[in-house]
Amino acid sequence: MNLLQYIWGKARKRVHNDETIIDFHPLICHLIDTAAVAEALWDQVFTRNLKLYLSQSLFQNGTKTKNWLIFLAGIHDIGKATPVFQSRVPELACVLSDLGLNSFSSDKYHSILSGMVLFRYLLSIDLKAAIDGNLDPLKYVIGGHHGIFPRAENFNELIPEHLGLGKWKEIQKELIEIVRDFCDVDFDLFNIIPFNNNLNLDKQKALLIFIAGFISVVDWIASCDSFFNFYSGLKTKTDIRDKYYSISRKRAKNALKTIGWSGWKSASISIEIRTFHVVFPLIKHLRPLQEVIVDNLDHIFSPSLIMIEAPMGEGKTEAAFYIEHYLEANEGLQGAYIALPTQATANQMFLRVKDFLTAIKQGLRVNLHLLHGNAIISDEYSLLKTRSQNYDGEESPVVADSWFTYRKRGLISPFGVGTIDQILLSVLPLRHFFVRLFGLAGKVIIIDEIHSYDVYMSTILEYLLYWLRLLGSSVILLSATLPSFKRKKLIKTYQPNINDEIINKPYPRITICSGKGVKVYNFETTLKKQENNSVLIEWIDEHSIPTMVSSALKNGGRVAIICNKVRRAQKLFLRLKGLKNEGFEVDLLHSRFPFYQRNKIENLVIEKYGKDKNHIKFRRILISTQIIEQSLDLDFDLMISDLAPIDLLFQRMGRLHRHVQDQDGNPVIRSKNLKRPQFWVINPSINEYKIPTFSYPIYSKFVLLKTYFYLKPLNSVNIPDDIEGLIEQVYNNTLNIPKEFEKEKDQWDVELQKAKEKQDNLEADNRLMAKYRLIPNPSDEDFFEDITSYLEENTKEAQASLQSLTRITIPSLFLVGLYQDSDGLYLDEELNQPISIKGPLTRAEEINVLNHAIKVSNRSIYHLFINKTDSIPRSWVKSTLLNDMHYVILTRDPDSGEYYFETDRNMNYFNKELGLYIQNKR
């Protein structure tokens, strides 16, 4: 009799003719399935670079490394062959009891039992590594495949009865030997595994974390019934080898093909490196930055850190994409993730990455996914998901297969674009954090707008860079403006062994940092705003804006007005919208519009203010918050801005005269009075000592004050020549007062010292908070023990706090305003979109509700709704899309016709032109 056919690995109950039937998949089949998926992943998905990284880290032999890894994956659930686990289905436990296999009731997890069962077996065969205790780390890795690493106490409290005695030990031995046979693994490899031997401790932990993620992912695939349906054909022991080995291998290959993981990689084995013009056919002439990259590709090895510092509009993004193409083709890297600061910038970058992959992946089928909290409402992403269901190989090769859309799987996809938060979570103690790190291993990670992250986010990012190097990933950092201290910190974090002195060639520059050293190149810029083309600086009063803008645009043109706060942008829009009657177009963009409306406005802004030949045909005014200073390809003739830190002002200036030519190579036409780029700064309020006063500034007061007194005396700024000098002046720690403010020096000294102390204390607190939240250092001997708690992603509370883990933000929530008449509730003011808050919604209805939501961070609104027990309908709580979505029924003002709701402090209006408009009652 074949006892193994009765040891179940997966089981489910069903009712047939009033009789309960239990179907199950034999454990040996599931173990073989998992090993088969691991084998297929190595053969069909892992690139040569990743295989080399693993082989060099383990046994210096690809075949031995492969066989050992797939054995670990295959054996991960051996703890299910125990009296504890098999007792969980009493009906099946009775059958085993009749066959002489006892049950033992306990709440011990099978994942923890797995590590101990394997360890006990290896001890029984006198394996030296097991006797010496060198295999202890593997108990944690195998025991953590459900997302949480066990602790020593979990192992210590196990007793022999938990693992099983007598006949159970024979069953376990038989299962292990079959998996060993399938994987063709030599157990002597356990004796030469480099844990606690010749690998650095940090590299050991990185390797273990990779293996943990690998095991979890292959288990997810092998546990999917649609790929591995329950098998009942094991009548004899020989059926396992003679039949099921080949059945499982066939299923595993089909699974990888179906989920969209295999099929794209062939390009990274034998692909020829395409020329820049083939990859980017619309670029007729390489820019100096791009020429330097192309000329120095031979100096880029994997893993490397490449930092590109250049003004806006110099082609940094295309250069980064081309490096990714080179590393994938020449070095065999595993795909890419492109990280951006906001959802809006991620949405725009998603389109560019899709076009890039379309150019280089013809004839293949490659997955690209959008990763952020509201990706589901992206039309472009939805198109790729639809295309994956109807793929015929003749259209674009880029798809978005559904398997990667589930939570925790996005970073596993070959290519992804999203917010930086998604990768920062990789080094925070979330359940299955190691799956995220596994997904990033061996890839190219492109991080845009690197200057825009504060001390808290930068601390997490620096730690991530350390892990990425250990995992064989290359990183490309892009920035227009970066203080030297931050530049050096990022380089030293990625490659700690380089010399203290990092070559500091003039800005703009490219820094290539690898195990072979650091090389720095500088270059001329294409859009050099110097001499007659330097940016004119003027300081203006806010009340003069309507008149000055009207005059500046008399012959046509585009102006952007950037406000630091939504409320200011709304107020300025109200003051300027009267210009519409004089033939001006006036647009408003900020974050307090419903998602569907904000997406429409963003697309309109890109269309109206993007790359275009004729700037004198219209008179256009865009009033916006900081949204437009990052990663959006916009081109203005004139810009007006609130005072902001100097690096962000340069970012904003980067949208001035951004293009010399339109898409067709024609010169951009600008009005005569705007031939030279102009940047007007709105004067802040100042006190009697000419020191600016700020009410609740969103930026560091110390940096704002230094920006003010270094920029105030200037009439123009040369780009790029003045960028680095001004940034260094503002961000160094000196308190030197420019001569223009000598008369008020004493007062300035006092104000600056107070502001600096406040900034230093806040940054120290935020840096400490970030370090406290990180996973342990990989060089920590007690790494697995020192993760004291895990946050679960799949709960409402966890989702609400995920962003608070990666950013220091004001608490926020999602709010949907509902309109009401006698017939019910509606999502729109016109009462065309009825909505129910009582019954379940279809998926399409849920997405429509999400599209009408606004993210609100106002404290008064937040506290009103977060403390209400009925502001989230019960039916919404059960939805993965709407479980944190609050609603409010709006009241119509009979006089103005506007819709609003009240809080203790505010009147809150839902206005089509303004978005959510919050007006203080006092």
Name the pairs whose Cβ atoms lie under 9 Å apart, with the first residue in region 879-898 and without any contact (Cβ under 8 Å) to a residue 12 or more places away in the chain, the second among the small types (Gly, Ala, Ser), and 6 or more positions between them or separate chains?
none
Just checking, does region 759-771 include any residue being surrounded by 14 or more Cβ atoms within 10 Å (Cβ to Cβ), in contact with a helix residue (DSSP H, G or I) (Cβ under 6 Å, 6 or more places away or on another chain) and modelled with pLDDT under 90?
no
Taking into account only those residues within region 565-586 that are touching a Leu at 6+ places or on another chain (Cβ under 8 Å) and within 17 Å of residue 626 (Cβ to Cβ), which is surrounded by the most Cβ atoms within 10 Å (Cβ to Cβ)?
569
Report yes if residue 117 is surrounded by 15 or more Cβ atoms within 10 Å (Cβ to Cβ) and under 25 Å from residue 787 (Cβ atoms), otherwise no.
yes
Scanning region 596-647 for residues that are in contact with a Gly (Cβ under 7 Å, 6 or more places away or on another chain) and not charged (D, E, K, R), the one farthest from residue 728 (Cα to Cα) turns out to be 618
Output yes when any residue across region 426-436 is outside any loop (DSSP other than H, G, I, E, B), modelled with pLDDT under 95 and farther than 22 Å from residue 413 by Cβ, and no when none is.
no
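Please enumerate the residues belonging to region 84-101 that are within 15 Å of residue 159 (Cα to Cα) and either under 39 Å from the mean Cα position of the chain (by Cα) or without any contact (Cβ under 8 Å) to a residue 24 or more places away in the chain (or both). Reasoning before the result, please.
As a first pass, look at region 84-101 and keep what is within 15 Å of residue 159 (Cα to Cα): 84-85.
If the condition is that a residue be within 15 Å of residue 159 (Cα to Cα) and either under 39 Å from the mean Cα position of the chain (by Cα) or without any contact (Cβ under 8 Å) to a residue 24 or more places away in the chain (or both), then 85 is the only one that fits.
Residues checked against (1) under 22 Å from residue 487 (Cβ atoms); (2) surrounded by fewer than 24 Cβ atoms within 10 Å (Cβ to Cβ); (3) touching a strand residue (DSSP E or B) at 6+ places or on another chain (Cβ under 9 Å); (4) in contact (Cβ under 8 Å) with a residue 60 or more places away in the chain:
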| position | (1), (2), (3), (4) |
| --- | --- |
| 292 | yes, yes, yes, yes |
| 298 | no, yes, no, no |
| 303 | yes, no, yes, yes |
| 308 | yes, no, yes, yes |
| 311 | yes, no, yes, yes |
| 317 | yes, yes, yes, yes |
| 320 | yes, yes, yes, yes |
| 327 | yes, no, yes, yes |
| 330 | no, yes, no, no |
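Is there a residue in region 178-187 that is buried (at least 19 other Cβ atoms within 10 Å of the Cβ), in contact with an Asp or Glu (Cβ under 8 Å, 6 or more places away or on another chain), at pLDDT 95 or above and in a helix (DSSP H, G or I)?
Yes, that holds for at least one residue.
Do we have any residue at all in region 608-621 that's among the basic types (Lys, Arg), free of Cβ contacts under 8 Å to residues at least 12 places away in the same chain, surrounded by fewer than 22 Cβ atoms within 10 Å (Cβ to Cβ) and out of contact with any His (no Cβ under 7 Å at 6 or more places or on another chain)?
Start the filter on region 608-621 by keeping residues that are among the basic types (Lys, Arg), which leaves 608, 611, 613, 617, 619-620.
Now drop any that are not free of Cβ contacts under 8 Å to residues at least 12 places away in the same chain, which leaves none.
No, the conditions are met nowhere in region 608-621.
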Is it the case that residue 652 is touching a residue at least 60 places away in the same chain (Cβ under 8 Å) and assigned to a helix (DSSP H, G or I)?
yes
Mind checking which residues of region 875-907 are touching a His at 6+ places or on another chain (Cβ under 9 Å) and of a type in the set (Val, Ile, Thr)?
903
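If you check 164, 213, 147, which single one turns out to be in contact with a His (Cβ under 9 Å, 6 or more places away or on another chain), of a type outside the set (A, V, I, L, M) and on the phi > 0 side of the Ramachandran plot?
On the way: 164 fails: in contact with a His (Cβ under 9 Å, 6 or more places away or on another chain); 213 fails: on the phi > 0 side of the Ramachandran plot.
Result: 147 is the single residue among 164, 213, 147 that is in contact with a His (Cβ under 9 Å, 6 or more places away or on another chain), of a type outside the set (A, V, I, L, M) and on the phi > 0 side of the Ramachandran plot.
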Restricting attention to region 437-450, report how many residues are in a helix (DSSP H, G or I) and surrounded by fewer than 24 Cβ atoms within 10 Å (Cβ to Cβ).
1
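Just wondering, is there one or more residues in region 696-707 that are outside any helix (DSSP H, G or I) and modelled with pLDDT of 90 or more?
Of all residues in region 696-707, those outside any helix (DSSP H, G or I) come to 696-700.
With modelled with pLDDT of 90 or more added as a condition, the list becomes 699-700.
There is at least one residue in region 696-707 that is outside any helix (DSSP H, G or I) and modelled with pLDDT of 90 or more.
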At pLDDT below 85, over 32 Å from the mean Cα position of the chain (by Cα) and acidic (Asp, Glu): does that describe residue 107?
no
Hey, among 339, 319, which residue is at pLDDT 90 or above, aliphatic (A, V, I, L, M) and closer than 15 Å to residue 473 by Cα?
339
Return a yes/no flag: does region 115-123 have any residue that is in contact with a Ser or Thr (Cβ under 7 Å, 6 or more places away or on another chain), under 16 Å from residue 212 (Cβ atoms) and either assigned by TED's automatic domain parsing to the domain that holds residue 34 or of a type in the set (Asp, Glu) (or both).
no
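Under the condition of being aliphatic (A, V, I, L, M), under 20 Å from residue 641 (Cβ atoms) and more than 33 Å from the chain's Cα centre (by Cα), which residue from region 706-738 is surrounded by the fewest Cβ atoms within 10 Å (Cβ to Cβ)? Walk me through it before giving the result.
Start the filter on region 706-738 by keeping residues that are aliphatic (A, V, I, L, M), which leaves 711, 714, 717, 719, 723, 726-727, 730, 735, 737.
Narrowing the set further to residues that are under 20 Å from residue 641 (Cβ atoms) leaves 711, 714, 717, 719, 723, 726-727, 730.
After this cut, where a residue has to be more than 33 Å from the chain's Cα centre (by Cα) as well, the list is 711, 714, 717.
Values: 711: 19, 714: 13, 717: 23.
So, considering only residues that are aliphatic (A, V, I, L, M), under 20 Å from residue 641 (Cβ atoms) and more than 33 Å from the chain's Cα centre (by Cα), the one surrounded by the fewest Cβ atoms within 10 Å (Cβ to Cβ) is 714.
Taking helices (runs of 4 or more DSSP H) that fall entirely within region 1-112, which contain at least 3 residues that are closer than 26 Å to residue 187 by Cα? So that I can check it myself, show each step before the final result.
Working: elements: 27-44, 48-57, 62-74, 83-86, 90-98.
In region 1-112, the matching helices (runs of 4 or more DSSP H) lie at 27-44, 48-57, 62-74.
Against the definition (touching a residue at least 40 places away in the same chain (Cβ under 8 Å), under 37 Å from the mean Cα position of the chain (by Cα) and not in a helix (DSSP H, G or I)), how does residue 230 come out, yes or no?
Yes.
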Here are some conditions: (1) touching a helix residue (DSSP H, G or I) at 6+ places or on another chain (Cβ under 7 Å); (2) among the polar types (S, T, N, Q); (3) over 17 Å from residue 819 (Cβ atoms). Residue 857 meets all but one. Which one does it not meet?
(1)
Among all residue pairs at least 6 apart or on different chains, which show Cβ distances below 8 Å where the first residue, located in region 170-181, is assigned by TED's automatic domain parsing to the domain that holds residue 69 and the second is buried (at least 22 other Cβ atoms within 10 Å of the Cβ) and of a type in the set (Phe, Trp, Tyr)?
179/71; 180/71
Is it fair to say residue 498 is in a helix (DSSP H, G or I) and either over 14 Å from the mean Cα position of the chain (by Cα) or not small (Gly, Ala, Ser) (or both)?
no
Looking at region 410-430, I want the residues that are more than 11 Å from residue 443 (Cα to Cα) and have a partner that is part of a loop (DSSP other than H, G, I, E, B) and small (Gly, Ala, Ser) with Cβ atoms under 7 Å, at least 6 apart or on another chain. Which pairs are those?
429/789
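Mind telling me which of the residues 914, 841 ends up being more than 27 Å from residue 698 (Cβ to Cβ), in contact (Cβ under 8 Å) with a residue 40 or more places away in the chain and touching a helix residue (DSSP H, G or I) at 6+ places or on another chain (Cβ under 8 Å)?
Working: 914 fails: more than 27 Å from residue 698 (Cβ to Cβ).
Unique residue meeting the criteria: 841.
If only one of 450, 445 is assigned by TED's automatic domain parsing to the domain that holds residue 328 and under 30 Å from residue 734 (Cβ atoms), which one is it? Explain how you work it out, then say what you get.
Working: 445 fails: under 30 Å from residue 734 (Cβ atoms).
Checking each option against the conditions leaves just 450.
The values are calculated or read from the model by the stated rules, or taken from the named source; none is laboratory data. As the structure is a computational prediction, the values presented were derived from the model and not from experiment. Positions of Cβ are generated from backbone atoms using ideal geometry, with glycine treated the same way; all protein chains shown enter the neighbour counts.
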